[in-house]
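The values are calculated or read from the model by the stated rules, or taken from the named source; none is laboratory data. In this text the structure is predicted, and so the values were computed from the model without any measurement. When we count neighbours, we look across all protein chains shown, and the Cβ atoms used for this are built from the backbone with ideal geometry, even at glycine. When the accessible area is computed, the model is the full protein with side chains, heavy atoms only, and any ligands, DNA or RNA have been set aside. Shrake-Rupley method; radii C 1.70, N 1.55, O 1.52, S 1.80 Å.
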Amino acid sequence: MNFRKIIVLALVLFSYGHVTAQSGPASASQWEVTEFKVTLPHSEMNPFDRHPLAKCEGPGSSFSVPGFYTGQNKYTFRISFPKPGNWVVLSPETGDRWQVAVATADSGSPGPVVIREENPQHFYYANGEPCFVLAFEADWLFALDLESDDIERTRILLRDIKDNGFNQIVMNVYAHDVNWVKDPKLPAKYDFSNPRQWPYGGDNDHPDYSKLNLGFFDHFDAIIEEMNALNLTAHVMIYVWNKNVNWPESDSVEDNRYYDYVIARYQAYPNIIWDISKEATGYGHNDMDYIVRRIQRLKKMDGHNRLVTVHSFSYCVKYPETVDFISYQNWTTSLYEQMLDTFQKFSNKPIFNIEHGGYEIGPYFVFDGDYDGAEACLDRNYRCAFAGTYSTYYWHDTSWNVIIWDQASLPESDRPRYDYYKHMAEFFNKVNYASYRPLDRRTDRKSSSGYVMTNDNGDFLFYLTAVNSRIATTIQENYGKTMSYQWFNTLTGEYSKKEEVIIEQHLRFEPPWKEQPAVLHLLKQ
């Protein structure tokens, strides 16, 4: 599928500028990234600070997008049209005008991640499909093939992520190096700290903030396009404060130069979600007013209205009206209770635990969380899910400066348990997670143990941790009624045989697997 289409234009030079002659209407598909190119007259202004606008008029809607500099006075507008139909794109600065016939997206293009007014605590795709967000942290993804002529290693990693049920990657535009001691056993081929290229001119140690590195962004384009082709959402953290990046002064012209360029260049991709910064209010950058101003600036520039959040729960709590969903970094033992409290407090927004302290250990130590074991990390994700919220997965050897892109080449004992998350994604997609809501087990006595969710149909999901041998239910409204039930093994992906039961007081259910976590699906007949 061609996700980015370049409109080939004939540029005719007149004394007053450039006008485009278009031989006939161009064509595009809904949510497909389409490029329009213009040439601006020479100016003494820094070319990276010029953002000509393209005005888009179509069926029942209109919006504007900024262009971005590509060299030699040339600028590109990237647009993905939100609706099928006939559109007109106009560049007021140059007089260029294009007519575009936009076809309905094919079934393989779900569109951007959105939030629907009728069910605002869950994510959907623009085509109406529910989106069970299961994210994968890969901060240094940009660096994996940065010094290569292709992105083959990146493709291997992305396809592995996609094949194992993850649908979102939390990633930085740029990060430089970590502050902790590195594993002396780490092979150099897996260490991507201290990249030789970065977004500005010069390098991180000797920056030239007067210009941006077009080669760096061409490479980043290839990553985002590959992710888009795989329907992997790019949760792009525009800044990171604690990875030794030599950023210019906040709110400076140089700061805006980078920030505006990122927004102009990537907003059209339907797989983009914005995050202002990783751990945005920590590490000396705790000026929340600055973040407010960053979001205001983004929203003025982003004609595609991509979702935005901030990797800082303290910010999201104080300024919830500025973000589309709440990001939470919660490592506590009482994870479920705190996520449930947040779900109940913010009834009009999805809740996303971007970091729950579960860092599955790999063959090379990178950074320790509070939970290292594969099963313990999986349990953290299920606790988030049963609190009505979404979560992220970390593996030591892909989440930071270390990236083992070919984990399948490792001895089996060293490989991450990606398969656990494949089972998780398949299960929650099968039952339609967005139709369920959590029951507060502190006040609702539907179960003697475990965690409970229900939907409007009267169906139930019960999550039992490995220490639970059984549950006793008390579903009083269904006494005397027949329900069907089936167990799901979260470690193996196995399902038990579906059976029927007449509901009575203190009915007991015992999973067929001993000392393994499982989910009971109880359905109303």
Could you tell me which label, among (i) 24.7, 87; (ii) 26.5, 87; (iii) 23.4, 75, carries the value of Rg and Dmax of the Cα atoms in Å calculated for this structure? (i)
Give me the distance in nm between label points sitting 7 Å out from Cα along the Cα-to-Cβ direction at Gln99 and Asp419, one decimal. 5.7
Rounded to the nearest 20 Debye, what is the dipole magnitude of the stretch 201-316 about its Cα centre when Lys and Arg each give +1 and Asp and Glu each give -1 at the C-beta? 420
With each label point set 7 Å from Cα along the Cα-Cβ vector, what nm distance links Ala222 and Glu510? 5.8
Rounded to the nearest 0.05, what FRET efficiency do Asp444 and Asn127 have when you use their Cβ-Cβ distance and R0 = 25 Å? 0.15
Candidate aspartates and glutamates for bridging to Lys349, where Cα separation is under 19 Å - those fewer than 8 sequence places away on the same chain excluded: Glu117, Glu118, Glu129, Asp275, Glu321, Asp324, Glu337, Asp341, Asp440
Show which lysines lie in cross-link reach of Lys211 when reach means a straight Cα distance below 18 angstrom and same-chain residues fewer than eight apart are skipped. Lys74
Could you pull out the longest piece of the chain with no exposed loop chymotrypsin sites (Phe, Trp or Tyr not before Pro) in it, calling a site exposed if DSSP puts it outside H, G, I, E, B and it has at most 12 other Cβ atoms within 10 Å? 181-478
Cα-based convex hull, the stretch 22-125, per residue volume (Å³, whole number): 131
Filter the cross-link list Lys430/Lys481; Lys83/Lys300; Lys37/Lys189; Lys162/Lys278; Lys83/Lys243 down to pairs whose alpha-carbon distance in this structure exceeds 29 Å. Lys37/Lys189; Lys83/Lys243
Whats the longest run of the chain with zero GluC sites (Glu not before Pro) that are DSSP loop and have at most 11 other Cβ atoms within 10 Å? 250-514
Excluding ligands, DNA and RNA, what is the solvent-accessible area per residue of the chain at a probe of 1.4 Å, expressed in Å²? 40
Farthest towards the positive end of the dipole of the chain, among Asn457, Thr154, Met339 and with Cβ unit charges of +1 on Lys and Arg and -1 on Asp and Glu, lies the Cα of Asn457
Put +1 on the Cβ of each Lys and Arg and -1 on the Cβ of each Asp and Glu in the chain; which of Thr398, His176, Tyr261 then has its Cα farthest toward the positive end of the dipole? Tyr261
Relative contact order for the chain, counting Cα pairs under 8 Å that sit 6 or more residues apart, in percent: 12
Express the carbon and sulfur contribution to the solvent-accessible surface of the stretch 263-406 as a percent, rounded to the nearest whole number, probe 1.4 angstrom. 49
Excluding residues fewer than 8 positions from Lys524 in its own chain, the aspartates and glutamates with Cα under 18 Å of it are Asp456, Asp459, Glu477, Glu499, Glu500, Glu504
Would you work out which of Gly357, Leu520, Phe367 lies farthest towards the positive end of the dipole of the chain? Charges go on Cβ: Lys and Arg +1, Asp and Glu -1. Leu520
Order Ser314, Ser391, Ser413, most accessible first, counting only protein heavy atoms with a 1.4 angstrom probe. Ser413, Ser314, Ser391
Which order do Ser107, Ser327, Ser409 take when ranked by solvent-accessible area (1.4 Å probe, heavy atoms of all protein chains), largest first? Ser107, Ser409, Ser327
